[in-house]
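Below is one structure; the comments refer to it alone.
The values are calculated or read from the model by the stated rules, or taken from the named source; none is laboratory data. These figures come from a predicted structure and were not determined experimentally. Here the Cβ positions follow ideal geometry from the backbone for every residue, glycine too, while neighbour counts run over all protein chains shown. Protein only, heavy atoms only, side chains kept; ligands, DNA and RNA dropped before computing areas. Shrake-Rupley method; radii C 1.70, N 1.55, O 1.52, S 1.80 Å.
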Number of protein chains: 2
Amino acid sequence: MKNTTNHERRNFLVKTGAVASTVAVAPAALATAGSAVLPVIRHSVFFWLKNPGNQADRDALIAGLKTLGAIETVKGIQIGVPASTEKRDVVDNSFDVSEMLLFDSVEGQNSYQSHPVHLAFVKNCEHLWRKVVVYDSIAV
Amino acid sequence: MKNTTNHERRNFLVKTGAVASTVAVAPAALATAGSAVLPVIRHSVFFWLKNPGNQADRDALIAGLKTLGAIETVKGIQIGVPASTEKRDVVDNSFDVSEMLLFDSVEGQNSYQSHPVHLAFVKNCEHLWRKVVVYDSIAV
C-alpha cells in the first residue's frame, strides 16, 4: 500500500454525496461514505467523425462505445459529446464523441484491448471516424 | 428526469464492486450497490511541461492540480501521469501530467473557472507548462 496522506487521497475521488441524487445505491449509505476512489487507470479517447454533422453516424459510434461497458476489466465508463462550456484558446471542442474507461490496472487495460467485445466494436465502427486520439493515465 | 434504459444507465457508471478494495466506504454497502453514476460533466486536461524531464516541475504541477479538489463544484478529481499501456499509433503518451475533473453541470464547471483556488493554481503553475489541451464532455 502506498503511504498517502488524507490530502493526496482526496484527489482521485468522486464525492459520493454529490453523486447521491443520480446514484444507483441507497443515498443514506453514500452520505455516510463521503467519497469513493476512482479506479487508477484512465483511458481517455476522443473521436472525430468522417461525417461530423451526421447524427446517425454519431449515434452509431455512441451505441458501439456503450457496448464496451460489458467488458469485465472495465470498471467505469462514461461516453460523452462536447459540453457547452466557455470557448477558450486551450479548449478543443472539435471532437465529436469522447469515451473514458477506468481500469484497476494496466493489465486490465491491456486485456480489454484484445477482448472480443472491443474487437467487434472496432470492426463495426472504425469506418465512422477519421481521427482518434488516446491518452492513458495512471493516478498519482 | 431523462428516460434512460438500464443499458444506457450502465454506461456512465463506476462499478463500485470493483472500487471496493480501495474505497473510503464500507465495502458491504458498495457490494449491495453495484454501481454509482459519475457526474455528467467531464473536464479532461493534458499538460506538456516546459522542462519535461524535470521531476520538481512535474511534482509542483501535480501538487497545484491537487488543490483543485477543494473547490465546491468539483465533484470528482483524478490527477495522472502517462500509464505504461501498449504503445500504439493512436496513443499520445507525450503529455507529462493529466487532470480529470467531474462536475454536475456546465454551470459548476463555469464557476470553477473563476474560483479563487483555480485562479491561484493558474497563477502559481502556468510557468511550468508549454502546452495544455482541454476537452469538455457531457455524458450521453
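Observations on the structure shown:
- Just one of the numbered conditions (1) touching a residue at least 60 places away in the same chain (Cβ under 8 Å); (2) open to solvent by less than 40 Å² (accessible area, probe 1.4 Å); (3) more than 9 Å from every other protein chain (Cβ to nearest Cβ) is not true of B:N124: (2).
- Within region B:41-58, being open to solvent by 10 Å² or more (accessible area, probe 1.4 Å) and either more than 25 Å from A:D104 (Cβ to Cβ) or not assigned by TED's automatic domain parsing to the domain that holds B:L128 (or both) holds for B:K50, B:N51, B:P52, B:G53, B:N54, B:Q55, B:A56, B:D57.
- Condition met for B:S84 (at pLDDT below 95, of a type in the set (S, T, N, Q) and either open to solvent by less than 10 Å² (accessible area, probe 1.4 Å) or in a loop (DSSP other than H, G, I, E, B) (or both)): yes
- Leading residue by the ranking (farthest from the other protein chains (Cβ to nearest Cβ)) among those in region B:108-121 that are open to solvent by 40 Å² or more (accessible area, probe 1.4 Å) and without any contact (Cβ under 8 Å) to a residue 12 or more places away in the chain: B:P116
- Selection within region B:93-103 - surrounded by fewer than 19 Cβ atoms within 10 Å (Cβ to Cβ) and touching a residue at least 24 places away in the same chain (Cβ under 8 Å): B:S94
- Hits in region A:59-81 (condition: among the small types (G, A, S), open to solvent by 40 Å² or more (accessible area, probe 1.4 Å) and without any contact (Cβ under 8 Å) to a residue 12 or more places away in the chain): A:A63
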